[in-house]
Amino acid sequence: MKYTNLIVILILAACFQQDLYSRDNPNKMKKHIALDNEKELEVDISFGAGKLIIRPAQKGTLFKGVFKYNKWEPSVKYSVFDDVGKLRINMPDMDKDKDDEDTHIKISDWDDLKQNTWELTFSPEIPISFNIEMGASENNFDFGSMKVENLKIQTGASDMTLDFSEPNKVKMRNFTIEAGVSKIIGRNLMNANFREFTFDGGVGDYEFFLGGSLFYDARLDIDSGVSSTILTIDPKMAFRAEIDKSFLSSVRIDGTEKEDDLYFSHNYSKSRKILDIFAETGVGYLKILVGD
């Protein structure tokens, strides 16, 4: 009986160690695609949960990814058509038949999903269009020195830091962020080189530092939802702001002259390039600061 109990204890300990190992020591996968004759790249990323990191790659590399995961191995598919690369990176399809035990992600898989860490780098040599969808995740993106032609980000319950640490090398045609319950910090956003930036907020805290160069007239559209939203603008940048607020919102705009519902920076009349800000606030707080 004594030996039987000992065997049971050893088996339970082994099972516990195996479970502990699977959670603390995730699987690892690497993918590398060399830059060939592609003239541009379209990237579609679907990330359910965990940590997602995006950075510029070294020259000669189209894409490099390091994936750490416990259970759900990422899918990476790449094709080329008319010199346009098409890269699809996603987690297992959460919309598959619920009776498919092998592919469908269940609530009980949450601990495994949280172990996901994707470190992705992309070429700084060709124009890239990004379409990124994220669930409950921690995200750190630096698009500095890349050629980002289009950028669309959709977030769920997430914490995101977005940076253009160096100027975008091409004009951005479309820059859109749709946020759920989230916290977002954007840095050096004028380096994105956009004509129009649209932000649709949900419930959360949003802080955007509009540092960098204003290359031409640009427009920023904000629907802040139920949130605290802070914009910090370089004092050298001329801007005009139009605010549509509800009686449940609070607005503070520093360093401006006000005419009706319009706010003008002090250097507005002397500048050739203007940032137009159109903001709609629901329930929450909107602050526009002029400073470094």
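Just so it is clear, none of the values below were taken in a lab; they were calculated from the coordinates. Nothing here was measured: the structure is a model prediction, and the numbers come from that model. As a convention, Cβ positions derive from the backbone with ideal geometry for all residues, glycine included, and neighbour counts pool all protein chains shown.
Near GLY48, the amide H atoms lying under 5 Å from its own belong to MET91, GLY135; only residues 5 or more places off or on other chains count, and H is placed 1.01 Å from N. If you wrap the tightest convex hull around every Cα atom of segment 28-290 and split its volume per residue, you get 127 Å³. Rounded to the nearest whole Hz, the Karplus-based 3J(HN,Hα) values (6.51 cos²θ - 1.76 cosθ + 1.60, θ = phi - 60°) of segment 221-234 follow the sequence 9, 10, 10, 7, x, 9, 6, 10, 10, 10, 10, 10, 10, 4, with x at glycine and proline.
The alpha-carbon atoms of segment 163-291, seen along their principal axes, cover 38, 32, 22 angstrom, with the largest extent given first.
Per residue, the convex hull spanned by the alpha carbons of segment 245-285 comes to 72 Å³.
Amide H contacts for LEU151 (H built 1.01 Å from N in the peptide plane; partners 5 or more residues away or on another chain; cut-off under 5 Å): PHE130, ASN174, PHE175, THR176. Coupling constants for segment 182-194 follow from the phi torsions by the Karplus curve (6.51 cos²θ - 1.76 cosθ + 1.60, θ = phi - 60°), and in residue order they are 7, 10, 10, 10, x, 10, 6, 6, 6, 5, 5, 6, 9 Hz; glycine and proline get x. Packing around the peptides 197-206, 251-260, taken as the average count of other Cβ atoms within 10 Å per residue, puts them in this order, highest first: 197-206, 251-260. The phi torsions of segment 115-122, fed into the Karplus equation with coefficients 6.51, -1.76 and 1.60 and a -60° offset, translate into couplings of 7, 5, 9, 10, 10, 10, 10, 10 Hz, rounded to whole numbers, with Gly and Pro shown as x. Between ILE54 and LEU120, ASN140, PHE141, ASP142, the built amide H atoms are under 5 Å apart, and every one of these is 5 or more places off in sequence or on another chain. Take the Cβ-Cβ distance between ASP261 and GLU196 as r, set R0 to 22 Å, and report the resulting FRET efficiency rounded to the nearest 0.05. Once rounded, the FRET efficiency stands at 0.60. Of LEU248, LEU289, LEU87, the sequence from fewest to most neighbouring Cβ atoms within 10 angstrom is LEU248, LEU289, LEU87.
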